[in-house]
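Report on one structure; see the data block that follows.
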Amino acid sequence: MSAVELQISPQEAAALHHAILAAHAQHDLAQLVELYAIVADGKEAEGDTDAACFFLTQAFVFALEAGVARAQELNHRLVAYGRAWPLEQ
């Protein structure tokens, strides 16, 4: 997938914002992981590393809290940017 395909339009950004607020209201941790990861992917595609890492961190924290397997992948991405220590295996 090219970077252009991963960029988030303003309409998609607004929809993600509302979906994130709804997931927070419902305390849907698994959904928060996915939504924050989508935003992080978009920020990565835009070349905004700081924003991408911010949203990856949000996704990672919720993945840890929810106990979902995706936490490992999110941790690897943060480690690659020098923003986290590797999780112990």
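Which of the residues belonging to region 56-74 are under 19 Å from residue 85 (Cα atoms) and either β-branched (Val, Ile, Thr) or surrounded by fewer than 21 Cβ atoms within 10 Å (Cβ to Cβ) (or both)? It would help to see each step written out before you state the result.
First, pick out the residues of region 56-74 that are under 19 Å from residue 85 (Cα atoms): 56-65, 67-74.
Once the filter is applied, which keeps residues that are under 19 Å from residue 85 (Cα atoms) and either β-branched (Val, Ile, Thr) or surrounded by fewer than 21 Cβ atoms within 10 Å (Cβ to Cβ) (or both), region 56-74 yields 57, 58, 61, 64, 65, 67, 68, 69, 70, 71, 72, 73.
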Considering only region 21-33, state which residues are within 11 Å of the chain's Cα centre (by Cα) and surrounded by 18 or more Cβ atoms within 10 Å (Cβ to Cβ).
32, 33
Elements of type helices (runs of 4 or more DSSP H) in the chain, at least 1 residues being in contact (Cβ under 8 Å) with a residue 24 or more places away in the chain and in contact with a helix residue (DSSP H, G or I) (Cβ under 7 Å, 6 or more places away or on another chain):
3-6, 29-46, 49-66, 70-80
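FYI, it's all coordinate maths here, none of it is from the lab. Nothing here was measured: the structure is a model prediction, and the numbers come from that model. For neighbour counting, all protein chains shown are included, and Cβ atoms are generated from backbone atoms with ideal geometry for every residue, glycine included.
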